Amino acid sequence: MSVLTGDTLHSPTSATKQQNADNQLFRRTLELSESRTYDRALETLGAYKLTGNFPTELEIVLRDMRALGKVTFEIKPKSGWSDCRQVEFRPKAEVPRDHFDDILRHIKNELGSIEQKPFWTRLLG
């Protein structure tokens, strides 16, 4: 019976469960621009106009980047009139952490918010 116990401790199933648990702990939140996401989705679809549904547009862009099958995401509630949306990303089970970092770097470069000064500071400056 001890042989069976030893086999189950090192089985691929338990290793996969451990990796899934590790990936669930490895989360990163990015500030993404709604307008940049909208523009990228328009470009991807070759469309003239979209509905302005951020989750749908983000899914379109991630699918085009070939990242949708590698990450899961959760969009945090929007605050105020900001163009920024906080999106929490988690890697799927088979995605190594370094590849996950590369994916998020690419997403941030494409969709990350660009801090702009308020318009009135440009008028006074």
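In this structure, does Glu59 turn out to be among the acidic types (Asp, Glu) and loosely packed, with under 13 Cβ neighbours inside 10 Å?
No, not satisfied.
Could you grab me the full set of residues in the stretch 53-66 that are part of a loop (DSSP other than H, G, I, E, B) and either within 14 Å of Gly112 (Cβ to Cβ) or among the acidic types (Asp, Glu) (or both)?
The one that is part of a loop (DSSP other than H, G, I, E, B) and either within 14 Å of Gly112 (Cβ to Cβ) or among the acidic types (Asp, Glu) (or both): Met65.
What pairs come out if I take residues in the stretch 49-75 that are free of Cβ contacts under 8 Å to residues at least 24 places away in the same chain and pair them with residues that are hydrophobic (A, V, I, L, M, F, W, C) and assigned to a helix (DSSP H, G or I) whose C-beta lies under 7 Å away, six or more apart or interchain?
Close Cβ pairs satisfying both conditions: Leu50/Ala41; Leu50/Leu42; Glu57/Ala41; Ile60/Ala41; Ile60/Leu45; Leu68/Leu62; Ile75/Phe54.
Can we say Glu94 is out of contact with any Gly (no Cβ under 8 Å at 6 or more places or on another chain), in a helix (DSSP H, G or I) and acidic (Asp, Glu)?
no
Find all pairs meeting these conditions: Cβ atoms under 9 angstrom apart; at least six residues apart or on different chains; first residue within the stretch 25-43 and assigned to a helix (DSSP H, G or I); second residue aromatic (Phe, Trp, Tyr).
Glu34/Phe54; Thr37/Phe54; Tyr38/Phe54; Leu42/Tyr48
Before we move on, is Glu88 surrounded by 12 or more Cβ atoms within 10 Å (Cβ to Cβ), at pLDDT 95 or above, over 10 Å from the mean Cα position of the chain (by Cα) and outside any loop (DSSP other than H, G, I, E, B)?
Spelling it out, it is not the case that Glu88 is surrounded by 12 or more Cβ atoms within 10 Å (Cβ to Cβ), at pLDDT 95 or above, over 10 Å from the mean Cα position of the chain (by Cα) and outside any loop (DSSP other than H, G, I, E, B).
Looking at the stretch 1-54, which of the residues that are of a type in the set (Ser, Thr, Tyr) and modelled with pLDDT under 50 is surrounded by the fewest Cβ atoms within 10 Å (Cβ to Cβ)?
Ranking the candidates gives Ser2 first.
The values are calculated or read from the model by the stated rules, or taken from the named source; none is laboratory data. Just so it is clear, the structure is predicted and the values come from calculations on it, not from any experiment. Using ideal geometry, Cβ is built from the backbone for each residue, glycine included, and neighbour counts are taken over all protein chains shown.
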